[in-house]
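Worksheet: one structure, shown below.
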Amino acid sequence: MALTVVYTAGTGHVVGALALTGAAAPADVAALVGRALPMRVFLDDGSVAALPLDARDLAVAAVDDEPGALFDPLAFGVELSPEGRPEPTLVRLAAWSGGAGVALSATGLTVTVQVAQARPATVVALVSDDQDTHVLAGEIPAQRSQVTLPVSLGPGGKHGVLVLVAGWAGRLEEAKVT
C-alpha cells in the first residue's frame, strides 16, 4: 500500500490522504481533486459550510506510510527538500492548546498560536460567508504569537473557518462573529 497526500503548497499542511494499492496516484493534483478540494465544517444550525481550496494552491506527494494522516490529515505537514521536492516522511505539526486559538470579529480573524516562533509563520485562512468564501493570507511576525487578518462580516453570524499556520496543525471549525 502507498500513501499519497494532497497538501497546501504555501504552508505544507496535508489536507487529504489516500491509501492506494496498485497504480500510483496521478502527479497532477487536479486529477485527484478537480478545480478545488472542499473542506467541510458542520455548523451548529445543522448546515454545512464548504471551504474550497483551489487546486492551483495544492500539490500531491507520495509519502511513507503514516496511518494518522488518514484520520487527521491537518495534523501533518510535508517538508520540501533543498531542491523543492517533497520529503517522503510526513512531519507531525504542533498541536494548539491553552490560550491558542481562532477568534472571529466583524472586521478580522485573529489567530493566536501557543508559542512565538523565531521566524515569521505563514498564515492562510478561509472563512465561509453564505455563498462566498473569504481567502485570507498573512504571517505571524517573528517573536510574536498572534496576527489579525482583515475580513468584513456581519455581526453575530456563524462561519466555517479553516486556519493553516506553518508549523502548527490546521484548524477546521465553526467560529461565531463576536
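The values are calculated or read from the model by the stated rules, or taken from the named source; none is laboratory data. Note that the structure is a prediction, hence the values are computed from the model and not measured. Don't worry about glycine lacking a Cβ; one is built from the backbone with ideal geometry, like all the others, and counts go over all protein chains shown. Side chains included, ligands, DNA and RNA excluded: accessible areas come from the protein's heavy atoms. Shrake-Rupley method; radii C 1.70, N 1.55, O 1.52, S 1.80 Å.
Data table
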quantity: Scope the stretch 130-153; condition touching a strand residue (DSSP E or B) at 6+ places or on another chain (Cβ under 7 Å) and either among the hydrophobic types (A, V, I, L, M, F, W, C) or not in a strand (DSSP E or B) (or both); matching residues; calculated: VAL135, LEU136, ALA137, ILE140, SER145, VAL147, LEU149, VAL151, LEU153
quantity: Selected residue [at pLDDT 95 or above and surrounded by fewer than 16 Cβ atoms within 10 Å (Cβ to Cβ)] from PRO150, PRO155; calculated: PRO150
quantity: Which listed residue, of VAL115, VAL161, VAL124, is within 25 Å of TYR7 (Cβ to Cβ) and without any contact (Cβ under 8 Å) to a residue 60 or more places away in the chain; calculated: VAL115
quantity: Enumeration of residues in the stretch 10-63 that are of a type in the set (A, V, I, L, M), loosely packed, with under 13 Cβ neighbours inside 10 Å and part of a loop (DSSP other than H, G, I, E, B); calculated: ALA23, ALA24, ALA27
quantity: Unique match (being in contact with a helix residue (DSSP H, G or I) (Cβ under 8 Å, 6 or more places away or on another chain) and either without any contact (Cβ under 8 Å) to a residue 60 or more places away in the chain or not β-branched (Val, Ile, Thr) (or both)) among LEU172, LEU153, LEU136; calculated: LEU172
quantity: The listed residue being over 20 Å from VAL135 (Cα atoms) and touching a Phe, Trp or Tyr at 6+ places or on another chain (Cβ under 9 Å), out of ALA61, ALA31; calculated: ALA61
quantity: Residues located in the stretch 158-176, provided they are modelled with pLDDT under 95 and among the β-branched types (Val, Ile, Thr); calculated: none
quantity: Residue match in the stretch 77-99 (condition: open to solvent by less than 60 Å² (accessible area, probe 1.4 Å), in contact with a Lys or Arg (Cβ under 9 Å, 6 or more places away or on another chain) and aliphatic (A, V, I, L, M)); calculated: no
quantity: Index of the failed condition, ASP72 passing every other in (1) out of contact with any strand residue (DSSP E or B) (no Cβ under 8 Å at 6 or more places or on another chain); (2) open to solvent by less than 60 Å² (accessible area, probe 1.4 Å); (3) within 15 Å of GLU173 (Cβ to Cβ); calculated: (2)
quantity: Subset of the stretch 153-169 [under 16 Å from ALA103 (Cα atoms) and either among the aliphatic types (A, V, I, L, M) or touching a Gly at 6+ places or on another chain (Cβ under 9 Å) (or both)]; calculated: LEU153, VAL161, LEU162, VAL163, LEU164, VAL165
quantity: Residues located in the stretch 147-178, provided they are over 23 Å from GLY12 (Cβ atoms) and within 15 Å of the chain's Cα centre (by Cα); calculated: GLU174
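Conditions (1) modelled with pLDDT of 95 or more; (2) within 16 Å of VAL161 (Cα to Cα), marked per residue:
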| residue | (1), (2) |
| --- | --- |
| ASP44 | no, yes |
| VAL48 | no, yes |
| LEU53 | yes, yes |
| ASP57 | yes, no |
| ASP64 | no, no |
| LEU70 | no, no |
| VAL78 | yes, no |
